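Derivation of every value follows stated rules applied to the coordinates shown; laboratory data play no part. What you see is a predicted model; the values in this text were computed from it and never measured. Neighbour counts are summed over all protein chains in view; Cβ atoms, including those assigned to glycine, are modelled from backbone coordinates with ideal geometry.
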Amino acid sequence: MSLPSFQLLRPKTLDEAMALMAKYDGQVKVVAGGTDLLPSMKQKLFTPPYVLDLRGISELRGIRSGAGGGVEIGVLTSLSTIEHALPIRKDYPVLYEAVKTVASPVLRNMGTIGGNLCLDTRCLWYNQSLLWRKSCGFCLKKDGDLCHVAPGGKFCWAAFSGDTPPALMCLGAEIEIAGPTGTRRTPLSEFYVNDGIARLHLAENEIVTRVYLPESSAGWRGSYQKLRVRGSIDYPLAGVAVALKMRAGRVEAVRVAITAVNPAPFLVKDADAHLVGVVPTEEIAGWVGDLAASTAKPLTTSALTPEYRREMVRVFAKRAVMSAAAN
Amino acid sequence: MTDFSVIGKSIAMVDAAGKTTGAGKYTDDLSLPGMLVGKILHSVYPHARIKRIDTSRAKALDGVVAVVTGADAPNPYGILPVGHDETALAVEKVRYVGDHVACVAAISEEIAENAIELIDVEYELLPAYFDPVESMKAETDLIHENRAHNIEKDYHHVFGDLDKGFAEADYIAEGRYLANEVTHAAMEPHSTLANFELDPHTGKLGRLTVWSSTQVPYYLQHKLSLVLEMPMSQIRVIKPLVGGGFGGKSEIIPLEIIAAVAARAARAPVKITYTREEVFWAHRGRPRTIIDLKTGVKNDGRMTAVACKVIQDGGAYCSYGVVTILYSGALLGALYDIPNIRYDGYRVLTNKPACGAMRGHGTVNVRFAFESQMDEIAAKLKLDPAEMRRVNLLKPPTVTVNGLRVLSYGLPECIDQVVTRSGWKERKGKLPKGRGLGVACSHYVSGAANSIIRSDMPHSTVNIKIDRDGSVVIYTGASEIGQGSDTMTAQVVAEVLGCEIARVNVIAADTDLTPIDLGSYSSRVTFMAGNAALRAAADVKKNIVSAAAKRMNCAPEDVIMRNDRVWNGGTTLSDYDFTASDSLGEKEAARGHVDGQILRGSVLQTRKEDGPKDHMSFEEAVVAAIDFHGALTGTGSYAPPAAARGGKHKGGGVGPSPAYSYSAQVAEVSVDEDTGEVTVHKVWAAHDCGRALNPVAVEGQVIGSVWMGLGQALEEEIVWKDGLLMNPGLLEYRSPSSTESPEIECIIVESIDPEGPFGAKEAGEGSLAATIPAISNAIYDAVGVRLRESPFTPERVLAALRAKKGMKRIEMTESVDPTAPEKFREHGGSLWFRGKGPMRHPLDPARQGTNAGSPAGGGD
């Protein structure tokens, strides 16, 4: 399978990138590591006239201390750089746990944090070659009017399949987005749209530029539990992140987030109601598991049955709470 | 034990440097001036009649040189003489999603891809069959008109007296087992480059040369001849490096013929390399199999009778199917002593990619059922599963009830080894909760005693040429596919000739240069090509020995060739004298005799003829032999002995082998009872390969087999939805990664076969089949659930665990109980024809017939 023809744009600065985005308004796909986009382009899921390669913009690469405390990560920072950054491992262990599960070491060398945040949603009926999709019938998400997952439906259930966003959402991370009229900053938890097609609150002429980890969640304990068939390479089939702050053996603050079981990653509402102020026990952790499972709406978008994946959200949320509390 | 200098030593593969540095050339690395890229249009329907193909729009595209369709090569072919049911490109019908319809040869891949979108095909849709049991009920719209009820072939064998056997049994176990479909997933996708030369006399297209990633160059030459209507002598097939086959390249894959057809039409070289998705469609993997198994035993575990019914979901073409279904039955024998056997095998056609031969061909899924049921019986009768296997051992030399001759039989030692090393007796049943041990055995042929094409020709022939430079060139048709064929051949010849392996150069698998060899399949190469190499080396050695004997003035029987030296064994000289630091080689090098020996050799010999010698270098002996005899060549061939060729019953030709390998394995696993996830911690794998010619290569093969079995046991599964392959790629078809690969302790058992080369048997396939039941049995030991459907994915294990514990039922396995499966499951979701909606994409096949403006079929 060959890549479709396109013109490659290689800006050296963010301003240059924004100018190109404006010039070729709506005809540009942004590429960073390329591990997600390029296979999809070969499958003709995207055939953009222009591909804008961010990698020349060095200001978007690297991990720094944030101005008001916390940590700032440029979107071009590779996942393996984050994995091996000691401050991340020490202060934001849930991110470390999540990032080291992404794909495989080779893919983490190429893949970036920005790419992982903006990952396209995935579905067995969508991530296929042009010929396969012709054989099956084109779906809502690409070229068609059908949903094979929920026949007759008009809603796209393709699952968001990034590992790092639930961890970042647990840490209260924010992202910076550059657009034609300047930059804006938004909590990551408000970045996603629970719709396999719309996916993100990101306009076509905008680029995510930085991730901010707040000082307030530095030192929170964490755990990320990932369901996959293989010990490496695989996208998550379900994922649960838990980050919590402990004081004197009791939970002072907590966030729980799930991924790969809905079109968007979600913070699990009311998890704190069970946990704050208590010493986590198996029983309490089990309640959190039930909450997480009820937030999950997996469908037949991937390997392993939806019922099993949802059950694993329950098991993994419980385990993640116990594991985070024990860390 | 015999003392060898090359055999039995762990040496690096002779082609290792090229493969590990990237310098080695595989088919897709090759190119020729003016070469075109071929791209294939595949069917989007599982079963349809082709009413019309219009290639005019594609031909008109700038950069397109030729477009070919079924009409350009309509002759049918197939790997088996009884199964000539394929054409390179569909002629009247397409029979699976992915079937080959047309091919474009263009100046670039992108143009070729764009051009196939411009081929208009009008189809008439036919009812399609996806489940083998349903397919067997078909009366109309058959997949192949000459195959009633879509049954490719059925066999019904009875050996011994079944009624008597079951009447004698104290206990009878019965059960259905399902093995889901797996594929080879070789690293290298199939690739073929075809080129015609111009005939010097007529200027028309003349000889054809094909470079292809194949395990069977000679069969390819034969089928090309059939389809292209050219004499075989006009076709040269060359096998470059092959990046793994595992059976997926052991027959003719459509692209191999399509490339030649396209090259003929384009009058230019054409290369086609399958995409990974196309590799999955080309498939030829291990079929989904239903096994209904019934075993009768005495209270001490001795088997009295076995009845086995097998249904294989073969896909749309015969491929190796007739052989697969026969192997499944025949290799019920030759592992244990079973006095009475009934076998009913059905190879069924369905509208899916064709299944074929895959590592452990035909034996693996039945072995899963068989070894699982033995474990169930042992549990029922409170027998040690390892002990139960011991009481059922064969007593070789013997011929089994179904006509298989067994001479060497290392199974008892294999069982002893894994039982001892795994601490079986002390640990089985006593491990912590959730952890367990399981044992299973398996075996495999060392090549088929009867070739696919009935003939009396040798199965392998090897030629050797030795020249004045002392170089030994081996010409063999055997196909190196990564298993070590070339290295094995070099070792055997170096051992016989007593020369350094560095002298040996192997020229292999080029039909113009090398003598015929049937190819690399059914684990035949070491046994058959090895024996041919042994004979060829002995043949050429005769002349060297007789010349050396004259030079050294001794009897030929006294001449010893070893470690690159030739000496008179009647003297006191020994091998040791030549390996000392002041060896002859260094002295000669210092005198400058080695340099220039090629040309001055005979002069030198003459000048040095001042008295009988008592030792010579290998080169001196070679030069002497050439001086005496002229060209120094030898040839040797191998055909299996008549006594090994099996019974006379219908289908009795498949299963017999000159020798069988044996394997016993113990797996240690743990099961996460909340998630159903199975972790394999260690596998002890003992394999009887006769003599290990190259122990490190044997270990590699055994470890690779266990690893491939692990994939089928836990992760690998081709998922279907109404004939559509849901996971045609290495991301969604999950072969194990290194992280979940367990420690594998390989134990080589050397039974020294009386007919194998230096006593060797096969090592590449036999271990695979034991791994799956060893893991299944270990899961049972760990958590008490019996999985009768493979692979043992976490959802299946958890469903079984929850049912056993009486927990609330969650429908996790699409209505198939993995402990008592009845039928195959299908992926959830729905295909287009179940959907609805008036506004479809112009390319959506569901628009067919509804949009008068565009060609019917909508640009398929």
Proxy exposure order for B:MET616, B:MET812, B:MET528, B:MET230 (fewest C-beta within 10 Å first) is B:MET230, B:MET812, B:MET616, B:MET528
Taking every residue of A:139-152, the Cβ atoms of other protein chains inside 10 Å of its Cβ average out to 5
Taking the Cα centre of chain B as the origin and placing charges on Cβ (Lys, Arg +1; Asp, Glu -1), which of B:GLY345, B:PRO695, B:GLN665 is farthest toward the positive end of the dipole? B:GLY345
Dipole magnitude of the protein assembly as shown about its Cα centre, charges +1 at Lys/Arg Cβ and -1 at Asp/Glu Cβ only, in debye to the nearest 20? 1540 debye
Only Cα pairs under 8 Å and at least 6 apart count here; give the relative contact order of chain B as a rounded whole percent. 15 percent
In nm, the gap between the two label points placed 7 Å beyond Cα toward Cβ at A:ALA326 and B:SER471 is 6.5 nm
With runs of 4+ DSSP H residues as the only contributors, calculate the mean residue ellipticity of chain B at 222 nm using -39,500 (n - 2.57) per run, divided by the residue total and rounded to the nearest 500. -8000 deg cm²/dmol
Two-site FRET efficiency, B:ALA502 against B:ALA23, from Cβ-Cβ distance with R₀ of 22 Å, rounded to 0.05: 0.75
Can you list the lysines whose alpha carbon is less than 16 Å from that of B:LYS25, not counting same-chain residues fewer than 8 positions off? B:LYS239, B:LYS271
Considering just Cα atoms, how many Å³ per residue does the convex hull of chain A enclose? 128 Å³
Between B:ASP163 and B:GLU124, what FRET efficiency comes out of the Förster formula 1/(1 + (r/R0)^6) with R0 = 41 Å and r the beta carbon distance, rounded to 0.05? 0.20
Inter-chain Cβ neighbour average for residues A:123-130, partner chain, 10 Å: 5
Given all pairs of different Cα atoms, what value in angstroms does the Kirkwood hydrodynamic radius of the protein assembly as shown take? 32.5 Å
Which pairs in the list A:LYS42/B:LYS352; A:LYS297/B:LYS721; A:LYS44/B:LYS39; B:LYS380/B:LYS425; B:LYS380/B:LYS804 are over 20 Å apart, alpha-carbon to alpha-carbon? A:LYS42/B:LYS352; A:LYS297/B:LYS721
What net charge is computed for the residues neighbouring B:ARG786, neighbours being all others with C-beta under 13 Å from the C-beta of B:ARG786, Lys and Arg scored +1, Asp and Glu -1? -1
How much net charge surrounds B:GLY438 when only other residues with a Cβ under 10 Å from its Cβ are counted (Lys, Arg +1; Asp, Glu -1)? -3
For chain B, convex hull volume per residue from C-alpha positions, Å³: 181 Å³
Report the extension gain between B:THR635 and B:GLU387 in nm, rounded to one decimal, defined as 0.36 nm multiplied by the number of residues separating them, less their alpha carbon distance. 84.5 nm
Ignore the peptide's own chain and count Cβ atoms of other chains within 10 Å of each Cβ in A:222-234; give me the average, rounded. 4
So how do A:310-316, B:388-394 stack up, highest first, on mean other-Cβ count within 10 Å? A:310-316, B:388-394
Chain A - mean residue ellipticity at 222 nm from DSSP helices (-39,500 (n - 2.57) per run, n ≥ 4, rounded to 500): -8000 deg cm²/dmol
Size of the dipole of chain B about the Cα centre, Lys and Arg at +1 and Asp and Glu at -1 on the beta carbon, nothing else charged, in debye to 20? 1200 debye
Förster-model FRET efficiency, 45 Å R0, B:THR202 and A:THR47, C-beta, rounded to 0.05: 0.45
Where in segment B:775-803 is the amide nitrogen less than 13 Å from a point lying 7 Å along the Cα-to-Cβ axis of B:LYS433? B:783-784
